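These notes are about the structure you will find just below.
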Amino acid sequence: MALVNAGVVVLDCAEPEKLAVFYKELLEAEQTDATANRVEIRSADGFRLALRRDTNATPPSWPRPENSLQAHLEFVVDDMDAVERRIVGLGGRPLEAKEATGPLEERGYSDPAGHSFVVRRTIPTAPKQG
């Protein structure tokens, strides 16, 4: 018998209802639970994400080093340009303007509340550099 039955990624933010809309649209997910201080969504592949109210939430400064990245979301996609248009259309913003090409292409973004995430073509196998 497993000791852990399920896992949920939880992002703290000032307005969980608004941030849930961004991720529901991006992930084509459905809302599975909501309280006054937390909204949980689930995508078709079972990925669970919860947005929890934190009245003192401040976004990380990544990629700037003064408030280093503690965690981020990573999504594997086929069409980088189409996903970028969707992210920006939903209120997200690009964090890096580098032009990467090839099978390990990735792009960094922040959601409307400032949480960073990456979209990439493949799952990385090497350790983080820098």
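On full extension, the segment bounded by Leu95 and Arg38 gains 17.9 nm, given 0.36 nm per residue less the C-alpha separation. Net charge of the neighbourhood of Arg42, taken over other residues with C-beta under 15 Å away and scored Lys/Arg +1, Asp/Glu -1, is -3. For Leu51, what is the net charge nearby, where nearby means another residue's Cβ is under 12 Å from its Cβ and Lys, Arg count +1, Asp, Glu -1? With Lys, Arg at +1 and Asp, Glu at -1, the net is -1. Other residues lying with their Cβ under 9 Å from the Cβ of Met80 contribute a combined charge of -3, Lys and Arg counting +1, Asp and Glu -1. In the assembled protein chains, Glu28 presents an accessible area of approximately 140 Å² (probe radius 1.4 Å).
Label-to-label distance for Asn56 and Arg85 is 4.3 nm, based on points extended 7 Å past Cα in the beta-carbon direction.
The values are calculated or read from the model by the stated rules, or taken from the named source; none is laboratory data. No experiment lies behind these values; they were computed from the predicted model shown. No Cβ is skipped: glycine too gets one built from the backbone with ideal geometry, and neighbour counts run over all protein chains shown. Ligands, DNA and RNA are stripped out before the accessible areas are found, and what is left, the full protein with its side chains, is counted by its heavy atoms. Shrake-Rupley method; radii C 1.70, N 1.55, O 1.52, S 1.80 Å.
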